[in-house]
1. What does the extension gain come out to for W35 and F16, with contour length at 0.36 nm per residue minus their alpha carbon separation?
2. Please calculate the 1.4 Å probe accessible area of T104, with all protein chains present, and give it to the nearest 10 Å².
3. Hey, what do the phi angles of the range 6-20 turn into as Karplus ³J(HN,Hα) couplings, whole Hz, using 6.51/-1.76/1.60 and θ = phi - 60°, x for Gly and Pro?
4. Could you rank L82, L36 by how accessible they are, 1.4 Å probe, largest area first?
5. Kindly state, to the nearest 0.05, the FRET efficiency for F56 paired with V96, given R0 = 22 Å and r defined as their beta-carbon distance.
6. In debye to the nearest 20, how big a dipole does the chain give about its Cα centre with +1 on each Lys and Arg Cβ and -1 on each Asp and Glu Cβ?
7. From the protein chains alone at 1.4 Å, what is the descending order of accessible area for V63, V19, largest first?
8. With the chain treated as a Gaussian network of Cα nodes joined by springs under 10 Å, which of S14, S93, S25 yields the largest mean-square fluctuation?
Amino acid sequence: MRFLFRKPTLTAVSIFFVVPLGLYSKYYQGIGSIWLNDYGAAIWYEVFWCLLAFYFFSNKKAVKFIPIYVFIVTCLLEILQLWNPFILTLIRSHIVGKLLLGTTFSWWDFPHYIIGCLLGWLWLEFINKLNYNSWQPDK
């Protein structure tokens, strides 16, 4: 049972939960779909990147810095959407490129990136705490 609470396992399970949720958010059709497709999915995008980075760098110090770095990098990617050289246009023409790099610049993505990074930070804290508590000796 202790294997289930190891950081890599918890992080991988979290990633496998967040990716379908993010894709569903991106392509959901129904009430609130405009907001969810354009901005709600950005929240899960940030959480995904936080979890992916945490899978490789999972120390306590990383929990504090990963969301900050993810926010900075994704903001730079958002600004990069204003630039359309041939190579970026080619990458964005495929579904994976669209999902990872985005296609259109929007100022409204930035507040959602903050929310996603805060949620990502809380998620990393939860994994870290759960992992720590699972390795305490039984009484």
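1. 4.5 nm
2. Accessible area of T104: about 100 Å².
3. Taking θ as phi minus 60°, the curve returns 6, 3, x, 5, 4, 5, 4, 4, 4, 4, 5, 7, 6, 4, x Hz for the range 6-20.
4. L82, L36
5. That pair, F56 with V96, gives E of 0.65.
6. 560
7. Heavy-atom accessible area, descending, gives V19, V63.
8. Sorting by GNM fluctuation, first place goes to S93.
The values are calculated or read from the model by the stated rules, or taken from the named source; none is laboratory data. Being a predicted model, the structure only gives us computed values, none of them experimental. Because the Cβ atoms are built from the backbone with ideal geometry, glycine has one as well, and the counts that use them run over all protein chains shown. Each accessible area value is taken on the protein alone, full model and side chains, heavy atoms only, with ligands, DNA and RNA left out. Shrake-Rupley method; radii C 1.70, N 1.55, O 1.52, S 1.80 Å.
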